[in-house]
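Here the structure is laid out as C-alpha cells; the discussion comes afterwards.
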Amino acid sequence: KNQVEQSPQSLIILEGKNCTLQCNYTVSPFSNLRWYKQDTGRGPVSLTIMTFSENTKSNGRYTATLDADTKQSSLHITASQLSDSASYICVVSADVGTYKYIFGTGTRLKVLA
Amino acid sequence: EAGVAQSPRYKIIEKRQSVAFWCNPISGHATLYWYQQILGQGPKLLIQFQNNGVVDDSQLPKDRFSAERLKGVDSTLKIQPAKLEDSAVYLCASSGGVGQFFGPGTRLTVL
C-alpha cells in the first residue's frame, strides 16, 4: 500500500534554531518527492522537488535530502524565522501511467520569538 | 506565470444549502485536481481531471458532490446539500507534467 509518514507531528522551536523534519515512504513506482510549506488557511507552496537520482536540494534556508534506498527524506530548516511557522507536507508521486500523488499528514512547526 | 486561481476564498453557509467553488488552473496544464483538506489533516483527493475527462473520482461523495471541467480549462466543484462535516479547505491544483501547483484554497464553513 502506498503510504507517506511524517514525523514529528508537531514541533516547537525558538527563532534562530535549526530543525529537521522526517518523511518515510512506501510508494511504488517512485517518481519524485516534493516538500510543501502550507501557511494556515493557504494552499501548499512547493519548496523542493527531488527525483530518484537526487540526494539533496536546497532552496534558501531549506535543504531537502533523499535516500532512495531507505525510502527516507528529510527537510532541514536553518536559522529558523517566525515566518517559518507553518505545516510542512511531504508528497511522493508514483508514475502509474498518470501521476498519482500520496500526501503525508504534515508536520506543524511553530517558531517562537 | 500566473498561478492557480480559486474563488471564493471564504464561504459560510448553513447545512442543507448549496455551494459552488471555481478554479482556473495554470494555462496549458492538462491535469486538474480538487482536494478536501480538513483542519489538521493532509489533503484528500476528491477528483482528478485530464483535460475535460475524469481520471479518478473514487473518493468523491457523489450523492452530494459534483464537479465538471467544461472545455478542459476552468472547473467548478459543487456541494448540494452541504453537511456539517463538509467544513474544510477545498484546494484546486493543476499539473502540466511533473509536480502539482496549488491554488490558495476556499475555506468552507457549514453551520
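With the requirement that a residue be open to solvent by 20 Å² or more (accessible area, probe 1.4 Å) and more than 14 Å from every other protein chain (Cβ to nearest Cβ), what does the stretch B:42-67 give you? Walk me through it before giving the result.
Of all residues in the stretch B:42-67, those open to solvent by 20 Å² or more (accessible area, probe 1.4 Å) come to B:44-45, B:50-59, B:61-64, B:66-67.
Hits for the stretch B:42-67 are B:N52, B:P61, B:K62, B:D63, B:R64, B:S66, B:A67.
Do we find that A:R34 is within 14 Å of chain B (Cβ to nearest Cβ), among the charged types (D, E, K, R) and open to solvent by less than 30 Å² (accessible area, probe 1.4 Å) in this structure? Show your work before the answer.
On the way: within 14 Å of chain B (Cβ to nearest Cβ): yes; among the charged types (D, E, K, R): yes; open to solvent by less than 30 Å² (accessible area, probe 1.4 Å): yes.
Yes.
Taking the condition of being of a type in the set (S, T, Y), away from chain B (no Cβ under 14 Å) and part of a strand (DSSP E or B), how many residues in the stretch A:57-101 meet it?
Here is the first cut: in the stretch A:57-101, the residues of a type in the set (S, T, Y) are A:58, A:62-63, A:65, A:70, A:73-74, A:78, A:80, A:83, A:85, A:87-88, A:93, A:98-99, A:101.
Still in the list and also away from chain B (no Cβ under 14 Å): A:58, A:62-63, A:65, A:70, A:73-74, A:78, A:80, A:83, A:85.
Next, only the ones that are part of a strand (DSSP E or B) stay: A:58, A:62-63, A:65, A:73-74.
Total satisfying the criteria: 6.
Which residues, taken from the stretch A:1-19, are assigned to a strand (DSSP E or B) and open to solvent by 60 Å² or more (accessible area, probe 1.4 Å)?
As a first pass, look at the stretch A:1-19 and keep what is assigned to a strand (DSSP E or B): A:3-7, A:10-14, A:19.
The answer is A:Q3, A:E5, A:S10, A:I12, A:L14.
If we keep just the residues of the stretch B:68-111 that are open to solvent by 30 Å² or more (accessible area, probe 1.4 Å) and aliphatic (A, V, I, L, M), which is nearest to the other protein chains (Cβ to nearest Cβ)?
Ranking the candidates gives B:V98 first.
Test each condition in (1) open to solvent by 60 Å² or more (accessible area, probe 1.4 Å); (2) over 26 Å from B:C92 (Cα atoms); (3) touching a Gly at 6+ places or on another chain (Cβ under 8 Å) for A:A79 and report the one that comes out false.
Of everything listed in (1) open to solvent by 60 Å² or more (accessible area, probe 1.4 Å); (2) over 26 Å from B:C92 (Cα atoms); (3) touching a Gly at 6+ places or on another chain (Cβ under 8 Å), A:A79 misses just condition (1).
Determine, yes or no, whether B:I38 is β-branched (V, I, T) and open to solvent by less than 50 Å² (accessible area, probe 1.4 Å).
Numbers: β-branched (V, I, T): yes; open to solvent by less than 50 Å² (accessible area, probe 1.4 Å): no.
No; evaluated as a whole, the condition is false for this residue.
The values are calculated or read from the model by the stated rules, or taken from the named source; none is laboratory data. None of these values were measured; they are calculated from a predicted model. Every residue, glycine among them, receives a Cβ derived from its backbone with ideal geometry; neighbour counts consider all protein chains shown. We work out accessible area using only protein heavy atoms, side chains counted, and drop any ligands, DNA or RNA first. Shrake-Rupley method; radii C 1.70, N 1.55, O 1.52, S 1.80 Å.
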